[in-house]
Amino acid sequence: MSMLPVSTAWAGRFINDVQPELFYFIIFTLWALAYAALSYTIMRANREDHPEIAQKIRQMSVYRMHASIWFWLIWVVVVALIFYWPPVSLAFTLIELVVMAILTPADSDRLFA
């Protein structure tokens, strides 16, 4: 996460250059993969003793999106498009963040309650 402000600043300053936008997209992707891996690990750790927690994690919109093949197919398209229109990386991540903000339920911070 410490690289996200650096990549964001670089991408924001040189919005039409491929290298900053690709770097930003890679950092954002690594963050998404880390979040998905952490969610999956917590889900597996609770699968037997606390199946209700594992089910809640499995139903989280962010987990479902990052586990979807469609998300990663679109991701591949975006990576290819960065070389033709670099701001597509910022557009993709903005759309992802807005969708997550809309789909995140109000009780998402109460997974273990």
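The values are calculated or read from the model by the stated rules, or taken from the named source; none is laboratory data. Quantities reported herein were computed from a predicted structural model and do not represent experimental measurements. Positions of Cβ are generated from backbone atoms using ideal geometry, with glycine treated the same way; all protein chains shown enter the neighbour counts. Just the protein is used for accessible areas: all its heavy atoms, side chains included, with ligands, DNA and RNA removed. Shrake-Rupley method; radii C 1.70, N 1.55, O 1.52, S 1.80 Å.
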>> Can you compute 3J(HN,Hα) from phi for each residue in the stretch 63-78, using the Karplus curve 6.51 cos²θ - 1.76 cosθ + 1.60 with θ = phi - 60°, rounded to whole Hz and x for Gly and Pro?
In response: 5, 4, 5, 6, 8, 7, 5, 5, 4, 6, 5, 5, 4, 4, 4, 4
>> Keeping all protein chains in the complex and leaving out DNA, RNA and ligands, what accessible area do you get for PHE14 with a 1.4 Å probe, in Å² to the nearest 10?
In response: 80 Å²
> Along the charge dipole of the chain, which of SER68, PRO51, THR29 sits closest to the positive end, that is, farthest toward it, with unit charges on the beta carbon of Lys, Arg, Asp and Glu (+1, +1, -1, -1)?
Replying inline: PRO51
> Mind checking the dipole of the chain: about its Cα centre, +1 per Lys or Arg Cβ, -1 per Asp or Glu Cβ, Debye to the nearest 20?
Replying inline: 100 debye
> Taking only protein heavy atoms and a 1.4 Å probe, what accessible area per residue, in Å², does the stretch 13-113 have with all protein chains in place?
Replying inline: 66 Å²
>> For Cα Rg over 2.2 N^0.38 Å, pick the label among [x] 1.21; [y] 1.51; [z] 1.88 that corresponds to the value derived from the coordinates.
In response: [x]
> Could you give the angle, 0 to 90 degrees to the nearest 10, between helix 88-103's Cα long axis and the longest principal axis of the Cα atoms of the chain?
Replying inline: 30 degrees
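How would MET60, MET43 rank on accessible area, largest to smallest, probe 1.4 Å?
These residues rank, largest area first, as MET60, MET43.
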> Where does each of ASP107, ASP17 land when they are ordered by accessible area, with a 1.4 Å probe and the largest first?
Replying inline: ASP107, ASP17
